[in-house]
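What follows draws every value from the coordinates through simple rules; no lab data is involved. What you see is a predicted model, and the numbers here were worked out from it, not measured in a lab. Counting neighbours? That spans all protein chains shown, and the Cβs are built from the backbone with ideal geometry, glycine included.
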Amino acid sequence: MSAAARAVIAWCLVLAVSGCAGWPRSFSARPCCVDTKLRVRRQPIAWHLFDVTVLEPIEQVFHLGRISRKLLGVPIRALNLRDGGVGDSAFFINRDPVQLTSEDVRWGPSRPDDLPVAPLTITKPKVEGKTAGFFVTDAKGRRYLVKLDPVDSPELLSGAEVVTSKLLYALGYHVPSYEVVSFDPAQLRIGDGVQARGADGEMHPFDAKRLTALMTPRLRSGRVRAVASRILDGEILGPARFKRFRDCAEVRALRVAYAWLNNIDAKDHNSLLVWDGTKTVGYLIDFGTSLGADAGLGGPKQSCAGWTYVVDFKEASLELLTLGRHRPVCDAAHGAVSPSVGFFSEHVDPDHWKPYVPNRAFTAMTDADAEWMAQRMARLSREQIAAAVSAAQYSRPEDAAYLVETLDARRTAIVQHYLDDEVAEARAR
């Protein structure tokens, strides 16, 4: 080997060893805890998607420390994964899933008295896009975000939001309260001066006519079903930058949990940092693209959801090089199970699962991070999964039964993928 080659390898090793210290860290002495109020620079969603899809891959090419370690097979270990465990952090509470009762899982962070009390006063409507809804204040002065199901897919969005939030809570993550609600449109009031953007792009008064247009196609036996998320207490700072937390095991391993739930919308904007007066708490939010739902499409997922990025340069290049013969591996097991369940099957490949845009924390995940999450998933019982599904209040028992069966099958496949069978069985006990 030439002297020049030895020098290059030596330099790569130096960069590899120092790579873990190469990015700015704002954590306290407790790894991945944030005891200060973070300053959040809000990115428009369109710019964020361009950033993570185009700019960040280019940036990674010049991150020699991480590139060197990857080439040498020495991945950067998580800051807070010690002796196979992770302590409390900004996004995570180290609760033991085994200690949670089925009732604990069914309610998650909610309590029965968290449900909104009528009448509900609309303070800000959301009528654009595929997911309609509105911010409301209930009779007790509490604030909620209420989201409506797609007209042709009753229970789809609301069910996915509720089930996924309960299971993520059981795994230890901070999530807001999500609960299914059913109300008579007569229980809604429109606040003073409320406006909404019209088809012309301009703001117009939001009146009873526009409210009726939202409610009427969704009426079932005189009531409308929705999901209500109580607005979090504390000072809302804005979305987290996942790459800022990319060396935290619980944020990296969220990829495994999201693969289980097929929650493909893992962009920064589906997280929220909140200052509670003593520390910054990270919440995971917006689960309308989990399970068989796709809030962006306003209906069921497509078969390639979870298998390719929306803009997937690797797949596009392979298709180009093979003159169109290459096709991405997708889940072609079947179509939508029902309007309420959507497209959700037991077929899962955790190593190749992808959200719809790249997530820097997910790509930093190591085998140790994934095994830690698989161990936590193995400790969830089928009864706990059923409790989470029961919170969605599906009108058809067969829909609820299908989801329990499919979630259990996907969980088993992931646990067996990352853990030895004996270890998986022992952890489950």
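Classify region 105-214 as rounded, prolate or oblate from the Cα gyration tensor: take a ≥ b ≥ c as the square roots of its eigenvalues, call it rounded if a/c is under 1.5, otherwise prolate when a/b beats b/c and oblate if not.
It comes out prolate by the Cα gyration axes.
Going by average Cβ density within 10 Å per residue, which order do the peptides 266-274, 161-169 take, highest to lowest?
161-169, 266-274
What percent of all Cα-Cα pairs in region 195-284 falls in each 10 Å bin, counting up from 0?
The percentages, shortest bin first, are 13, 26, 27, 25, 9, 0.
Ranking F245, F50 by Cβ neighbours within 10 Å, fewest first, what do you get?
F50, F245
Can you tell me which of 110-120, 276-286 comes out highest on packing, and rank the rest after it, using the mean Cβ neighbours within 10 Å?
Answer by packing, highest mean first, reads 276-286, 110-120.
I need the peptides 249-261, 384-396, 226-238, 92-104 ranked by packing, meaning the mean over residues of other C-beta atoms within 10 angstrom, with the highest value on top.
Ranked from most to least packed, the peptides come out as 249-261, 384-396, 226-238, 92-104.
For C32, C330, which order do you get if you count the other beta carbons within 10 Å of each Cβ and list the fewest first?
The order, fewest Cβ neighbours first, is C330, C32.
Label region 256-301 by shape, choosing from rounded, prolate and oblate, from the square roots a ≥ b ≥ c of the eigenvalues of the Cα gyration tensor; if a/c is under 1.5 it is rounded, and otherwise prolate applies when a/b is larger than b/c, oblate when it is not.
prolate
Compute the separation of the alpha-carbon centres of region 364-408 and region 193-250 and state it in Å as a whole number.
Rounded to whole Å, the Cα centres lie 27 Å apart.
Enumerate the amide H contacts of S271 below 5 Å, restricted to partners 5 or more residues apart or on another chain; note that Pro and chain-start residues carry no placed amide H.
It is A240, I285, by chain and number.
Label region 116-181 by shape, choosing from rounded, prolate and oblate, from the square roots a ≥ b ≥ c of the eigenvalues of the Cα gyration tensor; if a/c is under 1.5 it is rounded, and otherwise prolate applies when a/b is larger than b/c, oblate when it is not.
Taking the square roots of the gyration eigenvalues as a ≥ b ≥ c, region 116-181 is oblate.
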